[in-house]
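**Student:** Got a structure for you, questions after.
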Amino acid sequence: MRVSNCTHCLHEEIQKDTISILCPTRGRPDNVRKLVESALATSQRPKEIEFLFYVDKDDLSFPQDITSLYPNQIKVINGPRLWISNAHNVLYAFSSGEILMTAGDDMEFKTKSWDARVRTQIFSVEDRIALVFGNDNATHAGKIAVHGFFHRHWVHSLGTWVQPGRGVPWDLWTTDNAKILGRLFYLEDVVISHNHYRQGDAQAEFDQTYRDVYSQSSSFRPMITYSLLGRERRIDRILLREAMTDKPRIEKNYLLAEIMARTIGANGDSRRLLSMTNWEVIRNVLTQPFRRLLFKLQKG
């Protein structure tokens, strides 16, 4: 087992074609074994799969046997108890794969050569701005990329990995953005089961880990928070489309901003404009300060 508490591990060379599976886990040793063994047994190139697990310092249940079997492919990062979003950010910092997967410890890989299918789909996109996901045999199959694959270029374009919103559904966040950008790819015949207590076969036990996560996230009413963060998602899309070779369709709710940004040109404050809805543009155009700003920008 390689325990990555050292800072030099943050600067490892990126491994081309390697898939990094990022998975926070707590109190589920059998699930960890199933995740690792199923992923490797069904992959076409198992040596190019790495697993990163974030384990709370007070959790002593992580299976040492599985790390002994695959010492060069499993990284365990121990630290204080964090929100899952922040745990994923820590794991990303230690990852070395060109492709990243947001995983959970209640997953099981079922389809042979799943890794080849993922690579083929991602590398078919010239700029690598894509969200690829398989069939999780659960409630959101084909609709939400609960456990998605991204190229590292997605992260570099945004300058961040998982937004640290407490309880905000990041899988829905990235799915919505990828769908609007025309870069959401569903591999229906690539089955990666989500063995959840209320999804799929719903055979998982509603254990303490589920209870803790549910209690933390539901207390913040995540979907209400999600609806209030529409501008933040729009900002993500602005940054991602700047990295895209083929530009996405104009979003109707931002049509006026698009027209104004094109009028001002690249030298203007186009990013700020592009983040405004039609109503926000109209409201701001009616104010004298905003008209002076536009005049100044147009003059260069």
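**Student:** Could you tell me which of rounded, prolate or oblate describes the range 25-105, using a ≥ b ≥ c as the square roots of the eigenvalues of the alpha-carbon gyration tensor, with rounded for a/c under 1.5 and, failing that, prolate when a/b is larger than b/c and oblate otherwise?
**Tutor:** Oblate, because a/c is 1.5 or more while a/b does not exceed b/c.
**Student:** With the alpha-carbon atoms as the only input, what is the per residue convex hull volume for the range 54-182 in Å³?
**Tutor:** Once divided by residue count, the hull of the range 54-182 is 134 Å³.
**Student:** Then there is this: In the calculated pair distance distribution of the range 77-144, what percentage of Cα-Cα distances lie above 18 Å?
**Tutor:** Numbers: 1199 of 2278 pairs.
Result: 53 percent of Cα pairs exceed 18 Å.
**Student:** Calculate, in nm to one decimal, what Thr120 and Thr263 gain on full extension: separation in residues at 0.36 nm each, minus their alpha carbon distance.
**Tutor:** Additional length available on full extension: 47.6 nm.
**Student:** Using packing as a proxy for protection, rank 271-284, 40-53 so that the peptide with the highest average count of other Cβ atoms within 10 Å comes first. Before the final figure, lay out the partial values.
**Tutor:** Working: 271-284: 16.1, 40-53: 18.1.
Listed from highest to lowest mean packing, they are 40-53, 271-284.
**Student:** So which lysines can Lys110 reach, going by Cα to Cα under 20 Å and dropping same-chain residues fewer than 8 places off?
**Tutor:** Qualifying lysines at Cα under 20 Å: Lys34, Lys47, Lys143.
**Student:** At a Förster radius of 35 Å, what calculated FRET efficiency corresponds to the Cβ-Cβ distance of Asn72 and Thr245, to the nearest 0.05?
**Tutor:** 0.50
**Student:** With a 10 Å radius around each residue's Cβ, average the other Cβ atoms per peptide and rank 58-64, 152-158, 30-36, highest first.
**Tutor:** The packing order, highest mean first, is 30-36, 152-158, 58-64.
**Student:** What distance in nm separates the two pseudo spin-label positions at Thr139 and Asp212, each 7 Å out from Cα along the beta-carbon direction?
**Tutor:** Between Thr139 and Asp212, the label points sit 2.2 nm apart.
**Student:** Right, here's the next one. List every residue whose amide H lies under 5 Å from the amide H of Phe51, counting only residues 5 or more places away in sequence or on a different chain, with H placed 1.01 Å from N in the peptide plane.
**Tutor:** HN-HN under 5 Å from Phe51: Ile21, Ile74, Lys75.
**Student:** Would you please give the FRET efficiency between Leu82 and Thr287, computed as 1/(1 + (r/R0)^6) with r the Cβ-Cβ distance and R0 = 35 Å, to the nearest 0.05?
**Tutor:** Between Leu82 and Thr287 the formula returns 0.25.
**Student:** Further question: Give a residue-ordered list of calculated ³J(HN,Hα) values for the range 224-233 (Karplus: 6.51 cos²θ - 1.76 cosθ + 1.60, θ = phi - 60°; whole Hz; x for Gly, Pro).
**Tutor:** 5, 4, 4, 5, 7, 10, x, 5, 5, 5
Each reported figure results from applying straightforward, stated rules to the coordinates on display, with no laboratory input. Not measured: the values here are computed from a predicted model. Virtual Cβ from ideal backbone geometry, glycine too; neighbours counted across all protein chains shown.
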